[in-house]
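The values are calculated or read from the model by the stated rules, or taken from the named source; none is laboratory data. Quantities reported herein were computed from a predicted structural model and do not represent experimental measurements. Cβ placement follows ideal geometry from the backbone for every residue including glycine, while neighbour counts extend to all protein chains displayed.
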Amino acid sequence: MKNKIKNLYTKVGQNLGACFYAPSEKQGRAILFLLGIVLLAAGLADGAVAQLTAKYNDTRLAESANIILTHIEGSFGILVMVAAGIGAILSSAFGQYRAALSLLVVAVGAFILRSIISTFFNDQHLQA
């Protein structure tokens, strides 16, 4: 039993020594992979911990989003909607149905953007 443990200890020591001093390609890739995981985990942990204690003032962000939404719901949004609608009609006439569907989504999206934002995001600071 003692001899088995001694042989196992020697074999593990030899393998670890070979891994550190002359690693094979497979061992090198495994070491680099684990190093990458450690670096990613260490880098992402800082942002995750900041969510617990950080307080921020989002009034400037809400004002900017409100200005953008006001422009898109106003005359610029009408321009985008009409141009996308005409583009959808023309592209479907030429047989490009994927482009027509995309332009149709753009036209409808410009029309209901504020509703989409209020459905999926926090809009308590956005004014109607």
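Brief remarks on what is shown
- Flag for Ala62 being modelled with pLDDT under 85 and in contact with a Leu (Cβ under 9 Å, 6 or more places away or on another chain): yes
- Filter result for Ala93 (at pLDDT below 90 and either of a type in the set (D, E, K, R) or more than 25 Å from the chain's Cα centre (by Cα) (or both)): no
- Yes/no for Leu69 being surrounded by 13 or more Cβ atoms within 10 Å (Cβ to Cβ), outside any helix (DSSP H, G or I), at pLDDT below 85 and on the phi < 0 side of the Ramachandran plot: no
- Filter result for Arg98 (touching a residue at least 24 places away in the same chain (Cβ under 8 Å), of a type outside the set (A, V, I, L, M) and part of a helix (DSSP H, G or I)): no
- Test: residue in the range 34-54 that is assigned to a loop (DSSP other than H, G, I, E, B), closer than 30 Å to Ile117 by Cβ and under 23 Å from the mean Cα position of the chain (by Cα): yes
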